[in-house]
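Have a look at the structure below, then the notes.
The values are calculated or read from the model by the stated rules, or taken from the named source; none is laboratory data. Because the structure is predicted, anything quoted here is derived from the model rather than measured. Every residue, glycine as well, gets a Cβ built from its backbone with ideal geometry; the counts of neighbours run over all protein chains shown.
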Amino acid sequence: MVSKTNFFNKILLRYFFLVLILFVIDRITKFLIIQKFLTEKNQEIVINNFVNFVLVWNQGVGFGLFPIESFKVYTIISVLIFLVNIWLIIWFFKSNKLSEKLFIAIILGGSLGNLVDRIYYRSVPDFIDLHYGNFHWFTFNFADISITIGILGLLLSEFIKKNEKN
């Protein structure tokens, strides 16, 4: 018979590996894109009619929103992002819901990747450019995808929970 502690530890280990896998995928994709753009001096890599890769250094909050010019403001925002990561880790360990833990782990996998960029590069490399004709969505990266999926998952699970109560 498996004890609750062993079961809990196995679940934690799986979520830790999920965070690690998402973090590593983010790091690898950013490394490859940065190397490609630095060595070939490309301005754009066309994938198809809807997706391009372009290297954009984002000093803003997310998806290039609210660009920050001041180092002082950038540092304050970066510290706040660091504190949000700490809060997510605390929330993860306090949560009793496996689905909530899953979505928090997905958010952390991406958020930690972007935080490392903020510290190392003082900017976050974004490179996925979705577009239709002349309309371009915000340029983003793999970490942003993880963060978005995690947030949408948390919102959806909360919405479902509220509907079940009604």
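What to note about this one:
- Evaluated against (1) farther than 29 Å from Leu156 by Cα; (2) of a type in the set (A, V, I, L, M); (3) loosely packed, with under 15 Cβ neighbours inside 10 Å; (4) modelled with pLDDT of 85 or more, Val2 falls short on exactly one condition, (4).
- Listed conditions (1) of a type in the set (Val, Ile, Thr); (2) over 17 Å from the mean Cα position of the chain (by Cα); (3) surrounded by 11 or more Cβ atoms within 10 Å (Cβ to Cβ); (4) more than 30 Å from Ser157 (Cα to Cα) are all met by Ile11, apart from (4).
- Of the residues making up the range 77-95, none is modelled with pLDDT under 85 and not in a helix (DSSP H, G or I).
- Answer residue from the range 136-149, given it is surrounded by fewer than 19 Cβ atoms within 10 Å (Cβ to Cβ) and of a type in the set (Phe, Trp, Tyr) and is farthest from the chain's Cα centre (by Cα) among those: Trp137
- Val54 satisfies every condition listed in (1) closer than 22 Å to Asn141 by Cβ; (2) modelled with pLDDT under 80 except (2).
- Pair list, Cβ under 8 Å, 6 or more apart: the range 22-51 residue over 20 Å from Ile149 (Cβ atoms), other residue modelled with pLDDT of 90 or more and acidic (Asp, Glu): Glu44/Asp129
- Qualifying residue in the range 26-35 (condition: buried (at least 18 other Cβ atoms within 10 Å of the Cβ), closer than 26 Å to Val73 by Cα and not small (Gly, Ala, Ser)): yes
- Of all residues making up the range 109-135, the number that are in a helix (DSSP H, G or I), within 15 Å of the chain's Cα centre (by Cα) and not β-branched (Val, Ile, Thr): 9
- Close pairs (6 angstrom Cβ cut-off, 6 or more residues apart or separate chains): over 16 Å from Leu12 (Cβ atoms) and without any contact (Cβ under 8 Å) to a residue 12 or more places away in the chain in the range 97-117, of a type in the set (Phe, Trp, Tyr) and outside any helix (DSSP H, G or I) anywhere: none
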